[in-house]
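Scroll down for the structure; my scribbles are underneath it.
The values are calculated or read from the model by the stated rules, or taken from the named source; none is laboratory data. None of these values were measured; they are calculated from a predicted model. Glycine also receives a Cβ, built like all others from the backbone with ideal geometry; neighbour counts cover every protein chain displayed.
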Amino acid sequence: MADKSKRPADMLDGAPTTVEEPGRPPTSFLEVRDLRIHFPTDDGLVKSVDGLSFKLERGRTLGIVGESGSGKSVTSLGVLGLHNRRNAKVSGEIWLDGNELVGASPDQVRRMRGRNMAMIFQDPLSAMHPFYTVGAQIVEAYRIHNDVSKKVARKHAVDMLGRVGIPKPDRRVDDYPHQFSGGMRQRAMIAMALSCDPELLIADEPTTALDVTVQAQILDLIRDLQREFNSAIIMITHDLGVVAELSDDILVMYGGRNIEYGSVDDVFHRPEHPYTWGLLGSMPRLDRERSERLLPIKGTPPSLINLPQGCAFNPRCAYSELTDGKSTVERPELRETAPGHTVACHMAVERRRRIWADEIAPKL
Amino acid sequence: MIAFILRRLGGAVLLVFIISAVTFLIFFGLPKLAGTTTDDMAARFAGKSPTPEALAAIKERFGFDQPLAVQYGNFVKAAVTGDTYDTGVEKIDCPAPCLGYSFRTNQSVTDQLVDRFPITLSLVVGAAVIWLLVGVSIGVLSALRRGSLFDRAAMMIALAGVSLPIYFTGLLSLAFVVHQWGLLPPVSYSSFADNPFKWASALILPWITLAFLYAAMYARLTRAGMLETMSEDYIRTARAKGLPERTVITKHALRASLTPLLTVFGLDIGLLFGGAVLTERTFSLKGLGSLALDGVVGSDLPVVLGTVVTASLFVVVANLIVDLLYGVVDPRVRHS
Ligand SMILES: Nc1ncnc2c1ncn2[C@@H]1O[C@H](COP(=O)(O)OP(=O)(O)OP(=O)(O)O)[C@@H](O)[C@H]1O
Ligand code: SF4
Ligand SMILES: [Mg+2]
């Protein structure tokens, strides 16, 4: 897609962004192509992720946002190959540093987990084993991928705990997770995830379980560590504030699909998808009362078994009449609306830009 | 840790006191409320057709006329320091721990308990080894292969195991394995020290019968616990680290899912040590369970009281051990 970004903006309108030809060698550090993760259940096929594509370079952060149930966690577990192949159907391609993961053997992917890609989970208390010390758990993570003695690994664990800002790491290393405070526990979790110096770090709501002041500290920590380790980060959250602070690019997910993608600047200042407007409108802001949130998204998230016909957002969209009936019939494709900024909406580009500028932006 | 142990120990001692007091109340207090006279009470303690002197002596000895608290005090005192029974005809010495004297069998309760306990112990230990090995491994395998043919078959058999009564499975196996096919010698108890092989071969059938029931329960418990653990966040974390699945299961999942089983196991063992009544009866083994049953059937109050107190002691001690072990296995308990 590198060539496309060089095209003049006026030629971009209407050109669907092509899905990368399957099997073509990747140009980016992480390339996810047409990822589909479906769960066959008694009620039907749950299409949690349905045709998701994105790219990410080292040292960059991609924020994935979307309502609860939009498929963010399923995506991240999919990248790590953590879905049980017996109850999840995964298709598409995931290229990490030149290796394709979807078609790779489970053992191959397992070897890359922890070493090349690691994950920080939402609730560090339940994500750490209650019966093993924090140190033992970091040592374990380190020794799977590094052939070192227990002593060396332990020293490394103490180092890592120190680096994530845990005071007296040489003593805390022998404490159990329940002896840590929430914030310290998340730091320990980060130390564990970073113990093998992974190139890709996925953080799934890393601060949701923490109180506000601790949240800020953890985000600062992640930012500092990214600079130090030059890792690629996928930051998953439904908190747009977190994304704005940390990310370079943002991917907005709805019903298991990418509906808008762009730089933080694009998505925050020139969003073109009505759902993104809704997200921005329902974002809590410090300078406003809660009741003044102007654009709450009406309705409920779609069923992933039976997505609405046409645009999945159409039952909740205030603008679906402005598309000559296309919204309820045809699924909008992702189209590049400006270099590096893609949107899946049938509305004419001029029209959505006008609506944003005239109706939405002034209210935010 | 020391404080933790002392706290639990204190609780255990208190519990034994409470249980023995309640038992005492039930056997010595309730009859009084129901209108039983002290003569009737004395008669229950005496052998068949006792002499009037013996009755009077028993009445006097046990202080049936005295308040219950005093009687209970005497019982506890005897248990701690021993006692001497004067029946008027002879003097009988009952050294500590004296849990009473059965005038029906002319034996101190303690002696009878000590005689019978090895039988129950042999039965329960043998069965426990089998049911732990079989039940836990089937439970783990079932959980790991949830929904497979193995899982479904195992759970069906387990359902049968928990629903079939011991006297049914016991008598059936006895009829076929011993009497019909002659595969095993008749069930009996002989000392382990004399001939371990004979000891084991004559107990295999009751072991298997008792173990079948418990293995079935443990397989179901283990399976449920394992399934729950496998969906825990920390298992996902273990996988996210890149641990091989085998390590995830043995080091992370098993440890967490077997720990709660410790409680159940302690309680079961404690209960069974007090007497595996049905199994002992079915196989005519003269363990503590048979003793208790004999006591009840023959209204031999000292024996009933003695076996109940002993059984409760086993349960309390087993629970205490479990609590202490829990502190070792689960650091969250240790620090709370
Ligand atoms: N194993 C599974 N079987 C069936 N459905 C599943 C499974 N795992 C996830 N799903 C479904 O996939 C959908 C997406 O879930 P996911 O956890 O990715 O949402 P999310 O975007 O992370 O939401 P949240 O913000 O609440 O974390 C949900 O509707 C969920 O019910
Ligand atoms: S395609 Fe139609 S329904 Fe979907 S977001 Fe655009 S206007 Fe709304
Ligand atoms: Mg999630």
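For the condition of a type in the set (Val, Ile, Thr) and closer than 18 Å to B:Arg7 by Cα, B:Val296 does not qualify.
Does segment A:330-339 hold any residues that are more than 10 Å from ligand 2 (Cβ to nearest atom) and out of contact with any strand residue (DSSP E or B) (no Cβ under 9 Å at 6 or more places or on another chain), and which are they? Of everything in segment A:330-339, just one residue is more than 10 Å from ligand 2 (Cβ to nearest atom) and out of contact with any strand residue (DSSP E or B) (no Cβ under 9 Å at 6 or more places or on another chain), namely A:Pro339. Under 16 Å from the mean Cα position of the chain (by Cα) and either among the β-branched types (Val, Ile, Thr) or within 16 Å of ligand 2 (Cβ to nearest atom) (or both): is that true of A:Gly256 in this structure? Criteria met by A:Gly256. Quick check on segment A:87-127: of everything there that is in a helix (DSSP H, G or I) and among the hydrophobic types (A, V, I, L, M, F, W, C), which residue is nearest to B:Val248 (Cα to Cα)? Per the stated criteria, the residue is A:Ala127. For segment A:320-329, filtering for residues that are over 27 Å from the mean Cα position of the chain (by Cα) and near ligand 2 (Cβ under 8 Å from one of its atoms) leaves 5. A:Met192 meets the conditions (1) away from chain B (no Cβ under 14 Å); (2) closer than 20 Å to B:Thr237 by Cα in every case but one. The failed one is (1). Residues that are assigned to a loop (DSSP other than H, G, I, E, B) and touching a residue at least 40 places away in the same chain (Cβ under 8 Å) within segment A:198-236 comprise A:Pro198, A:Glu199, A:Glu205, A:Pro206, A:Thr208, A:Ala209, A:Asn230, A:Ser231, listed in sequence order. Count of segment A:312-354 residues, restricted to those that are outside any helix (DSSP H, G or I), over 16 Å from A:Tyr261 (Cβ atoms) and in contact with a helix residue (DSSP H, G or I) (Cβ under 6 Å, 6 or more places away or on another chain), is 4. Residue count for segment A:55-81, restricted to those that are within 14 Å of another protein chain (Cβ to nearest Cβ), β-branched (Val, Ile, Thr) and farther than 16 Å from A:Pro40 by Cα: 1.
Across segment A:24-74, the qualifying residues are those that are in a strand (DSSP E or B) and more than 16 Å from ligand 1 (Cβ to nearest atom), and the one among them that is nearest to the chain's Cα centre (by Cα) is A:Thr61.
Applying the condition of being under 27 Å from the mean Cα position of the chain (by Cα) and of a type in the set (S, T, N, Q) to segment A:124-147 and asking which residue is nearest to the other protein chains (Cβ to nearest Cβ) yields A:Ser126.
Residues of segment A:316-327 that are touching a Pro at 6+ places or on another chain (Cβ under 8 Å) and either at pLDDT 95 or above or hydroxyl-bearing (Ser, Thr, Tyr) (or both): A:Tyr319 alone.
Would segment A:42-49 turn up any residue that is under 30 Å from A:Ser282 (Cβ atoms) and within 16 Å of ligand 2 (Cβ to nearest atom)? No, there is no match, as no residue in segment A:42-49 is under 30 Å from A:Ser282 (Cβ atoms) and within 16 Å of ligand 2 (Cβ to nearest atom). If you go through segment A:82-109, how many residues are facing chain B (nearest Cβ under 10 Å) and either on the phi > 0 side of the Ramachandran plot or in contact with a helix residue (DSSP H, G or I) (Cβ under 8 Å, 6 or more places away or on another chain) (or both)? The number of residues fulfilling the criteria is 1.
Take A:Pro22 and tell me if it is within 16 Å of ligand 2 (Cβ to nearest atom), touching a strand residue (DSSP E or B) at 6+ places or on another chain (Cβ under 7 Å) and modelled with pLDDT under 95. Criteria not met by A:Pro22.
Applying the set (1) more than 8 Å from every other protein chain (Cβ to nearest Cβ); (2) in contact with a strand residue (DSSP E or B) (Cβ under 7 Å, 6 or more places away or on another chain); (3) over 18 Å from A:Phe29 (Cα atoms) to A:Phe121 leaves exactly one unmet item: (1). In this structure, A:Arg223 qualifies as surrounded by fewer than 20 Cβ atoms within 10 Å (Cβ to Cβ), of a type in the set (Lys, Arg) and under 25 Å from the mean Cα position of the chain (by Cα). A search for C-beta distances below 8 Å between a residue of segment A:155-176 that is closer than 17 Å to A:Ile222 by Cα and any residue that is of a type in the set (Lys, Arg), counting only pairs 6+ apart in sequence or on different chains, returns A:Leu161/A:Arg172; A:Leu161/A:Arg187; A:Val164/A:Arg187; A:Gly165/A:Arg187; A:Ile166/A:Arg172; A:Ile166/A:Arg187.
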